[in-house]
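Below: the structure, in structure tokens.
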2 protein chains.
Amino acid sequence: MGAKERKERQKTEMREAILSAALKLFSDDGYDTVTMRKIADEIEYSVGTIYLYFRDKNEIFFELHNRGFAEFFQKQLSVQNIENPLERLTAHGTAYIQFAIDRPEYYDLMFISRTPSKEINKNKHWTEGERTYDLLKLNIRQAMEAGYFKGVDLEVAAFSLWSFVHGIASLFIRDRLMMVPVESLKPLVAGALKFLERAY
Amino acid sequence: MGAKERKERQKTEMREAILSAALKLFSDDGYDTVTMRKIADEIEYSVGTIYLYFRDKNEIFFELHNRGFAEFFQKQLSVQNIENPLERLTAHGTAYIQFAIDRPEYYDLMFISRTPSKEINKNKHWTEGERTYDLLKLNIRQAMEAGYFKGVDLEVAAFSLWSFVHGIASLFIRDRLMMVPVESLKPLVAGALKFLERAY
DNA sequence: TTCCCTTACTGAACATTGTTAATTTTCTGA
DNA sequence: TCAGAAAATTAACAATGTTCAGTAAGGGAA
């Protein structure tokens, strides 16, 4: 009598297949070259079928945005075992930027593209973004307890640190660093993170 | 015998008209809603005509990008009379962010959108961006002479400061600041700039 | 097994986009 | 005035997201 359950399972499997296909295309050539027809070809169904599982293209990209965050959050957590709060914060920043470099399409979708922000604006609540922000605040709070950020408001510190790493990541991803030679990018980023420590 | 000259003038006037029309549409509803046909309607010519004056849509947006920079550079220069290097740098940052808030579409086109970066990549040289970057470096150098940024590399400092303000601007423009209430945005930005001063 | 209703899927069609090229209109200089 | 050049138009093309009438498949009851 598991007919209903099987139906459910098939439904999620199909959604899964669509998302995987979209992700594949998207990682290969960037998300603005992904078309509904290409996705349909990839899963070997017709275009119309996709619309039985997703309201529209935005919804697909919003789901991919969520997957990006899942992977991102893993990476973020991997530095949490570092004892020294200062070191941990900088490692946190490095991991952030490294994610942007390794997974530029994901980063773009999560923090730059307008595509998912329309979806986000509907519920007026960006769960994934907030979770990341909270982790950052946690690490800053612990650094504060260790004597850093004297006289600095927690919100201000979190906003500043996030803006800083996001600025680096998004200038890189959207190709606005032509004036710095590629080979000096890495030391520049490391230097910038060291520089920011002076404000801690 | 000024026929040739008149032709030239008419040509630039037409380009001008097209750019103005594009700018109008673009400021009203955002650049991704601007279509060639809407521009054509606006200037009361047919679509094809636009292609006699611009190679393609990218070229139009690249020109708008240049205009954005002209306005931007004006604003940037307006803080150059401030004597104190520290104050001047922070005013520089404030002016940067204020431009992004006042002219979000321009800022987006100049520093975020992929549209003009394709055009930029052709000559492999981003004149407008470099000019801005040089002004920033000038101000940092003068702050260094006044004793700030001890032991910091000029390139690192410039990269850091730019990333910082760009991070703020682009998170704002691309709607990724849902977790901060609108009313606290202004003090947050001011606080962030003050916070960064600690690293100077 | 057979029948029928629900569910799943298809694919042609639509409107909108940037871009092109053949055609028509306008201008210009002898 | 008129032929050649320049400017402008318009229909067309391919690609896009999305919809919907039609077709196929599935599954429970007789």
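The values are calculated or read from the model by the stated rules, or taken from the named source; none is laboratory data. This is a predicted model, so every value here is computed, not measured. Please note: Cβ atoms are built from the backbone with ideal geometry, for glycine as well, and neighbour counts cover all protein chains shown. Just so you know, the surface numbers come from the protein's heavy atoms only, side chains and all, with ligands and any DNA or RNA stripped out. Shrake-Rupley method; radii C 1.70, N 1.55, O 1.52, S 1.80 Å.
Could you go through segment A:78-90 and let me know if any residue there is within 15 Å of DNA strand D (Cβ to nearest atom) and modelled with pLDDT of 95 or more.
Taking segment A:78-90 and keeping what is within 15 Å of DNA strand D (Cβ to nearest atom), we get none.
No: segment A:78-90 contains no residue that is within 15 Å of DNA strand D (Cβ to nearest atom) and modelled with pLDDT of 95 or more.
Identify all residues within segment A:94-109 that are among the aliphatic types (A, V, I, L, M) and out of contact with any Ser or Thr (no Cβ under 9 Å at 6 or more places or on another chain); write none if there are none.
Scanning segment A:94-109 gives A:97, A:101.
Please enumerate the residues belonging to segment A:130-187 that are hydroxyl-bearing (Ser, Thr, Tyr) and farther than 18 Å from residue B:192 by Cα.
The first filter runs over segment A:130-187 and keeps only residues hydroxyl-bearing (Ser, Thr, Tyr), leaving A:132-133, A:148, A:160, A:163, A:170, A:184.
Across segment A:130-187, the qualifying residues are A:132, A:170, A:184.
Give just the number: which of (1) away from chain A (no Cβ under 14 Å); (2) open to solvent by 30 Å² or more (accessible area, probe 1.4 Å); (3) among the β-branched types (Val, Ile, Thr) does residue B:33 not satisfy?
If we test residue B:33 against (1) away from chain A (no Cβ under 14 Å); (2) open to solvent by 30 Å² or more (accessible area, probe 1.4 Å); (3) among the β-branched types (Val, Ile, Thr), just (1) comes out false.
If residue A:16 satisfies every condition in (1) at pLDDT below 95; (2) more than 20 Å from residue A:113 (Cα to Cα) but one, which is the exception?
Failing condition for residue A:16: (1).
May I ask you to verify whether residue B:5 is part of a helix (DSSP H, G or I), at negative phi and either modelled with pLDDT of 95 or more or crowded, with 16+ Cβ neighbours inside 10 Å (or both)? Lay out the reasoning, then the answer.
Working: part of a helix (DSSP H, G or I): yes; at negative phi: yes; either modelled with pLDDT of 95 or more or crowded, with 16+ Cβ neighbours inside 10 Å (or both): no.
No.
So which of B:73, B:54, B:26 ends up being within 16 Å of DNA strand D (Cβ to nearest atom) and more than 14 Å from chain A (Cβ to nearest Cβ)? Even if it seems obvious, please write down each step before you answer.
Working: B:73 fails: within 16 Å of DNA strand D (Cβ to nearest atom); B:26 fails: within 16 Å of DNA strand D (Cβ to nearest atom).
Criteria check complete, one pass: B:54.
If you check residue A:88 against the conditions, is it touching a helix residue (DSSP H, G or I) at 6+ places or on another chain (Cβ under 7 Å), open to solvent by 70 Å² or more (accessible area, probe 1.4 Å) and farther than 30 Å from residue A:24 by Cα?
Details: touching a helix residue (DSSP H, G or I) at 6+ places or on another chain (Cβ under 7 Å): yes; open to solvent by 70 Å² or more (accessible area, probe 1.4 Å): no; farther than 30 Å from residue A:24 by Cα: yes.
No: the conditions fail for residue A:88.
Determine the pairs where a residue that is near DNA strand C (Cβ under 9 Å from one of its atoms), located within segment A:38-54, has a partner that is among the basic types (Lys, Arg) and open to solvent by 80 Å² or more (accessible area, probe 1.4 Å) with Cβ atoms under 8 Å apart, the partner being 6 or more residues away or on another chain.
So the pair list comes out as A:47/A:37; A:53/A:11.
Taking interchain pairs and intrachain pairs at least six residues apart, which have beta carbon atoms under 7 angstrom, with the first residue in segment B:105-131 and more than 24 Å from residue B:27 (Cβ to Cβ) and the second β-branched (Val, Ile, Thr) and not in a helix (DSSP H, G or I)?
Filtered contacts from segment B:105-131: no entries.
Kindly indicate whether residue A:101 is open to solvent by less than 20 Å² (accessible area, probe 1.4 Å), β-branched (Val, Ile, Thr) and under 20 Å from residue A:173 (Cα atoms). Reasoning before the result, please.
Values: open to solvent by less than 20 Å² (accessible area, probe 1.4 Å): no; β-branched (Val, Ile, Thr): yes; under 20 Å from residue A:173 (Cα atoms): yes.
Answer is no for this residue.
Using the structure shown, decide if residue A:86 is more than 16 Å from DNA strand C (Cβ to nearest atom), in contact (Cβ under 8 Å) with a residue 12 or more places away in the chain, more than 24 Å from residue A:12 (Cα to Cα) and under 18 Å from the mean Cα position of the chain (by Cα).
Values: more than 16 Å from DNA strand C (Cβ to nearest atom): yes; in contact (Cβ under 8 Å) with a residue 12 or more places away in the chain: yes; more than 24 Å from residue A:12 (Cα to Cα): yes; under 18 Å from the mean Cα position of the chain (by Cα): no.
So residue A:86 fails the test.
Mind checking which helices (runs of 4 or more DSSP H) fall wholly inside segment B:120-200 and carry at least 2 residues that are at the interface with another protein chain (Cβ under 7 Å from one of its Cβ atoms) and among the hydroxyl-bearing types (Ser, Thr, Tyr)? Steps first, please.
Values: elements: B:127-145, B:154-173, B:185-197.
Here the list reads B:154-173.
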